[in-house]
Amino acid sequence: MSRVLVTGADLAPQAVELLAGHELVFAGKAPTEEDLVALCRAHDPVAIIVRYGKVGAAVMDAAPSLKVISKHGSGTDTIDKAAARARGIEVVAAVGANAAAVSEQALALLLACAKSVVALDARMHAGHWDKATHKSLELGGRTVGVVGLGAIGLRFARMADALGMRVLGFDPFANQLPAYVQRVELDAIWRESDAISLHCPLTEDNRGLVNAETLARCKRGLILVNTARGGLIDEAALLAALRSGQVAMAGLDSFAAEPMAPGHPFQGEPKLVLSPHIGGVTSDAYVNMGVAAARNLLDVLARQPAAA
């Protein structure tokens, strides 16, 4: 029986059922590259489902029978796609499987920032009543810039439109946008947005997309939301912009290094609302991503000749 390596400790039962013809090998909650190399050498999987950790050339070379790497989610930046291409290994992703979950998290972070939800909650629990002194931001009528118009970005844009926001969108690869998204270039996103939400994949071309220079071009008092990849943001530049007031608030669900290390400069910063990269972690998305990852790898294996 051929084996499938899962770089995590579990998989939705519905996905396990789909993969009943294969033996599943689980790598645990936080597998290192060394762990994955050792498991590949021991089990020689025909497929890898990527939940946690990175899959690079060393992992691929340790699995001579490997034919497909299937992402349990939509972002494939943790997979060395060039190395996979060079070895004839297909890389597939569960695009859209977590769109509802992540877009809702982005909206939650935007609202938390605009309405001071976290700060007011802390004040209330401490016995304060700030009605006479606090003013929140009204989002209706303001402009939100959406960077990345895939399944997640478009779903977020639809919710922002429902709030009465003007939606600007940038994505060089998106076609046939809905009427409520105004297609613009990045310069207009920086210049015109009251809030910006990031929904694009991380590539070497857009790493550090949000940096000191681009933040300086934004309106003062910007709200920034990131539920995509932490590498899109120069974290030191964002921190400086928060402390200067150029950025009023930021809601972040992903970070340059994960998990966040103790003592990270973001910890304790009052203008940040943070969540531990759980935008796509709901009971529904867990099933949707697992099933999509399983189906994607089975589709690839069905198209390829069996191992000798």
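With respect to Ala236, is the statement that it is among the small types (Gly, Ala, Ser) and surrounded by fewer than 16 Cβ atoms within 10 Å (Cβ to Cβ) true? Yes: the conditions hold for Ala236. Of the listed requirements (1) within 26 Å of Ala86 (Cα to Cα); (2) surrounded by fewer than 15 Cβ atoms within 10 Å (Cβ to Cβ); (3) of a type outside the set (Lys, Arg), Val46 misses just one: (2). Quick one: how many residues across the stretch 156-211 are without any contact (Cβ under 8 Å) to a residue 12 or more places away in the chain and among the charged types (D, E, K, R)? Of the residues in the stretch 156-211, 2 are without any contact (Cβ under 8 Å) to a residue 12 or more places away in the chain and among the charged types (D, E, K, R). Only one of the numbered conditions (1) under 25 Å from Ser275 (Cβ atoms); (2) over 23 Å from the mean Cα position of the chain (by Cα) is violated by Ala100, and that is (2). Scanning the stretch 52-66 for residues that are closer than 12 Å to Thr32 by Cα and buried (at least 22 other Cβ atoms within 10 Å of the Cβ) yields a total of 2. Considering only residues in the stretch 254-278 that are touching a residue at least 24 places away in the same chain (Cβ under 8 Å), out of contact with any helix residue (DSSP H, G or I) (no Cβ under 6 Å at 6 or more places or on another chain) and of a type outside the set (Gly, Ala, Ser), the one that is farthest from Gly53 (Cα to Cα) turns out to be Pro270.
If you go through the stretch 211-233 and pick out every residue that is surrounded by fewer than 18 Cβ atoms within 10 Å (Cβ to Cβ), hydrophobic (A, V, I, L, M, F, W, C) and under 20 Å from the mean Cα position of the chain (by Cα), you end up with 0. The condition of being over 21 Å from Arg207 (Cβ atoms) and more than 14 Å from the chain's Cα centre (by Cα) holds for only one of Met289, Met249, that being Met249.
Candidates Gly88, Gly73: the one that is out of contact with any Phe, Trp or Tyr (no Cβ under 9 Å at 6 or more places or on another chain), under 30 Å from Phe156 (Cβ atoms) and not in a helix (DSSP H, G or I) is Gly73. Report yes if some residue within the stretch 123-133 is crowded, with 20+ Cβ neighbours inside 10 Å and among the hydroxyl-bearing types (Ser, Thr, Tyr); otherwise report no. No, because not a single residue in the stretch 123-133 is crowded, with 20+ Cβ neighbours inside 10 Å and among the hydroxyl-bearing types (Ser, Thr, Tyr). Each residue in the stretch 211-228 was checked for being closer than 11 Å to Leu252 by Cβ and either touching an Asp or Glu at 6+ places or on another chain (Cβ under 8 Å) or part of a strand (DSSP E or B) (or both), and 4 of them qualify. Taken as a whole, the stretch 24-43 holds no residue that is assigned by TED's automatic domain parsing to the domain that holds Val147, more than 22 Å from Ala294 (Cα to Cα) and either crowded, with 17+ Cβ neighbours inside 10 Å or hydroxyl-bearing (Ser, Thr, Tyr) (or both).
Per-residue answers, yes or no, for (1) of a type outside the set (A, V, I, L, M, F, W, C); (2) touching a helix residue (DSSP H, G or I) at 6+ places or on another chain (Cβ under 9 Å):
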| position | (1), (2) |
| --- | --- |
| Val146 | no, yes |
| Arg158 | yes, yes |
| Asp161 | yes, no |
| Pro178 | yes, yes |
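The values are calculated or read from the model by the stated rules, or taken from the named source; none is laboratory data. Everything quoted here is computed from the prediction, not taken from an experiment. Neighbour counts are summed over all protein chains in view; Cβ atoms, including those assigned to glycine, are modelled from backbone coordinates with ideal geometry.
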